[in-house]
1. Among the lysines in the stretch B:108-276, how many pairs, 8 or more places apart or on different chains, have alpha carbons under 22 Å apart?
2. Among B:ARG36, B:ARG27, what is the fewest-to-most ranking by other Cβ atoms within 10 Å?
3. Quick check on packing: order A:202-212, B:237-247, B:53-63 by the mean number of other C-beta atoms within 10 Å, highest mean leading.
4. Applying the Karplus parametrisation 6.51 cos²θ - 1.76 cosθ + 1.60 with θ = phi - 60° to the phi angles of the stretch A:349-363, what ³J(HN,Hα) value in whole Hz is obtained for each residue in order, glycine and proline being reported as x?
5. Using each residue's phi in the stretch A:105-118, evaluate 6.51 cos²θ - 1.76 cosθ + 1.60 at θ = phi - 60° and report the 3J(HN,Hα) Karplus result to the nearest Hz, with x for Gly and Pro.
6. Can you find, among B:LEU49, B:GLN16, B:GLY65, the residue sitting farthest towards the positive end of the charge dipole of the stretch B:10-66, where Lys and Arg contribute +1 and Asp and Glu -1 at Cβ?
7. Give me the lysines in straight-line cross-link reach of A:LYS182: C-alpha distance below 20 Å, same-chain residues under 8 apart excluded.
8. Taking amide H atoms as placed 1.01 Å from N in the peptide plane, list the residues 5 or more away in sequence, or in a different chain, whose amide H sits under 5 Å from that of A:TYR333.
Amino acid sequence: MKRASVTMVVLIAMLASLLSACGSSNNGNADNGGNGGNGQNTGGESASGDNAATGGEETVIRMASWSLADTIEPILEAYEAEHPGVTVEYIELVDNEDSVAGMQKLDLLIASGEDIDAIMLPGVTDYSKRAGLNLLAPLNELIEGEGLDYGAEYVTDTSIDGTYYALPATLENYFVLLNKDKLDAAGLEVPTEWTWTEFLEYAKALTAGEGPSKTYGTFFHTWPMYWFLGLMNQPEKNGLVNDGVLNVDSPQIRTSLELRHQAEHVDKSAVPYADTISQKLAYRPVYFTGQAAMIITGSWMISAAGGTEEFPASFTTAFAPLPSNAPGDPSGYSLANGNFVGILDKSENKQETYDFLRWYTTEGMQVKQEYSAWKQQDTDQYISAVKAQVPNPEFIDEASLTYFMKNSKSAALNIPPTYQGDLETAYTSEAEKYILGQQDLETTVANAAAELQKIVDANE
Amino acid sequence: MIASYNPYEAEVADIQAIDKQEAVMLRRSGRARRRREMLAGYLFTGPMLVGVLIFTLVPMLLSFGLSLTDWSFVTGIETIRFDGFGNFARLFATDAFANSLVHNLVLLLSVPVGMTLALALAVVITTRVYTPGLFKVIFFMPHISSIVAVAVVWQVLFHPSYGPVNSMLMALGIAEPPKWLADPSYALTSVLMLMVWIDMGVALIIYIAGLKNIPADLYEAAEIDGATSWKKFKHITFPLLTPTTFFLLITGLIGNFKSFALIKVLTDGGPVKSTTVIAYDMYTEGFVNLRTGYASSMAVVLFAVILLITLIQWIGQRKWVNY
C-alpha cells in the first residue's frame, strides 16, 4: 500500500513538473514577443538576437491582416524579390476575410505580446481608435527622412492633429450601383449628376410588384452611414462631430433622415427597415437577386458587379456618383475611407517596415490590382484588370464606371474622434426610433443632438 | 451477596488489553486511512480545483481589480491607470446601463413562467400520456439545438410582413400585428418567449425526475380519503417538489442573468437598444470599444446583483422549501 502511494506521489510530481514546464515555455514565448513592462526590453533583445543568429543581415517584417494569405502572399513575394535581405511574414487573422473578427483577433494577439510590425486597419474608425490608444508609431520622422510630399502621393490624408500614424492602402469611396437592365426597362438613363429627390424618383419608378416577390427601388443596409447619407456627399465637415462641434441639428442630417422616411413610408420604394433588421438582410444578396434595383455602396463592390462565386451576376450593373442634397450643390463628392497600414509602436524594425509599407501602398497596390489611394494609379489599367479577373466582365458597365472614376472627388478624410463608435450607436438608435415610427423628425434631431452632446462632453 | 470469583479474570484482562491495543491500532490505522483517503480525494479533485483556481477565481479577482482602473487590454500592462470608482460613477450616470439592468430583470420573468409550464407539462406527461419519452425529447430539443439555428428559425417565423406568425394573426383579423423582433416595444417580449421555449426542457426533465421520487402510497392514501386531483397536486406533489423548484429557480435565475448568445444572434441588442442586457453591454464595451476597465466594472455589478438575488433566495427558502 505504502509503496503504491509513493509511486503515485512520484507520478503526480512528474505530471506537475510536466505541466509547469509547458507553462514556462509559454511564458518564454510571450516574453519574446515583448509582453508587459518588465519583459519588453529583454524580450525584444533576445528576439532580434535570434534573427541575427538565423539569417545574418536578414530582417523579418511581420504583417497581420484579415485578408486571405493567398491574396497577400504573391505581393509579399514580389517585394522580397526586389529587396533581398528582407523577409515579410504574413499573419492571416481569420479565414473568412471578416475584418471585424480579424480586428478582435488582432487585439488579442497584440495583448498577448505577439511579435507584429505592420498591421492593416479596415477603416478610419478602427484607425482613429487604435491611434488614440497609442498602439501605432508616428510616421512623421520617417516621412521627412524620405523627403516624401505626402499630399502629392496619396489621395487620402491620414494625419491626426498633424501626425501621420498610417499610410492609406486601398481607397474606399461611395457611389450608387444601379441594375441597368431594370433602368432600361423603366426607360431611365444612367445619371451622371443627380439629387436625392431624383434618386427617390428613380427608386419609385423601379419599384414593382407586391408581396414577398416585390422588387424595391433601393435597399439601405444597417451600417450607421446609411443614416447620414446627406453628410457623406459633403466636400468637408462630413462627420457627426467635426473638431468637437456637433453637426446633428443641420439641413444635411434632416435630408438624410427625410429621404429614408420618404422612401420607406411614403413611396414604399425601399425594403422596410423592420425586414432588414429582423431578417438580418445583407446588401449583396438583396442586390444580386434583384430584390432591390439600386444600392448605395462603396468601391469594394466594383469587382463584385462582375459576379463572384457566391453571388453570380445576372444583369448589367451601372455606376453613378452619390446624389447631392440640392440642385447646384457640388456633385461627385464622397466621403473617403479605405484600408490603412500602420506600424506598431513596439516594432523593432520601424525603418524597414516603413520602406515596405511605402512600396505596398503604391506599387504593391498596382500589383494587387486594388483601387488604391495612390495618386499615380492608372484608372484604365485598373478597370481592365478588374474585368480580366471577374467571371462575367460583360456585366460591368464600363462607360459609367470610367466616368465615375475619372470624375469622382474624394472629400477631405474626416478622422473621427476616438469615441466615434459611441456617437454612431447613439445616433443610430435615435434614427431607428424615427424610421420605426416611434418619434417624429424634430424629436429625433433634438434627442440625437442631446445624446451626442453628452458623449462629446464626457470625452472632453 | 456472594463475592464471585471469576476463573477467567486473567483471560478477560488479557482480552481487554488486546482489545484496547487493537482499538488503538485500529484508530491509528483509521486515521492513516482517512489521511490516505483525503490525499486520494485531493488528487482526484486536484485538476478540477487547479482549473477553477486558474480559470475562474484568479480572473474573477483580477476583474475586480481591473474594474478600478482605466485600461484597454490591447495596450499592454504599462498603460494601466488606477481610477478609483470612476468607472462605477460613469456606469450609474448613464441610462444605457440602467436600461440593460431593467431588461435583465424583465427577462427574469421567463424563469418562473417556464417553470410553471414545465411543472404542468411534467405532471401531464408522467400521468396522462402514452410514450412519455417521446414528449421529453420533443420538449428538450430546443435546449440542445444550436442557438444560432434556433434564432434563424424564429427570425423567419417572426418575419414582420410575411412570417407564419403574423400571417396567422392577420388571418384572425388583426390588421396591424406587432413586428416582433423589429418592434422596439415587442422585441424584449419576443426574446422572453424564446427563452421560455428554449429553457423549458431542462426544467421539465428535472421535474419529471422529481415526480418519480414521490412515493406512490401518499397518493393512494389521499385517494382513499377521497382527495381530488387538484388537492393531491396542492398537498402532495407541489410541497414535495419544492427542493426541485428551489434548485431550478436558483440555477435558472443565474443562467438567465448571464444570457448573451441569444441576444447576440437574435437582435444584437436592438432595435433601438430595446433588448440590451448587461452581458451584451459588457461584450460591446470590452471587446468592441476596447474599454477593459469599464467592462470589468459592469462584470462586478452583475456579480453583486446575482449574489444578492441568490442570497435572498437562500434566506427565503426556509419559508417555502420542504426537505
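1. On the way: B:LYS136/B:LYS212; B:LYS179/B:LYS264; B:LYS179/B:LYS273; B:LYS212/B:LYS231; B:LYS212/B:LYS232; B:LYS212/B:LYS234; B:LYS258/B:LYS273; B:LYS264/B:LYS273.
Close lysine pairs found across the stretch B:108-276: 8.
2. Numbers: B:ARG36 15, B:ARG27 10.
Final ranking by Cβ density, sparse to dense: B:ARG27, B:ARG36.
3. Values: A:202-212: 15.7, B:237-247: 17.8, B:53-63: 11.5.
Output ranking for A:202-212, B:237-247, B:53-63: B:237-247, A:202-212, B:53-63.
4. Ordered by residue, 3J(HN,Hα) equals 10, 5, 4, 5, 5, 4, 4, 5, 5, 4, 5, 4, 7, 10, 5 Hz.
5. Coupling constants for the stretch A:105-118: 4, 4, 4, 5, 4, 5, 5, 8, x, 4, 7, 10, 9, 10 Hz.
6. Highest projection toward the positive end goes to B:GLY65.
7. The qualifying lysines are A:LYS204, A:LYS214, A:LYS268.
8. Amide H neighbours of A:TYR333: A:LYS409.
Taken together, the values in this text are just the output of simple stated rules run on the coordinates, not laboratory data. Worth saying up front: this structure is predicted, and the values here are computed from it rather than measured. Every residue, glycine as well, gets a Cβ built from its backbone with ideal geometry; the counts of neighbours run over all protein chains shown.
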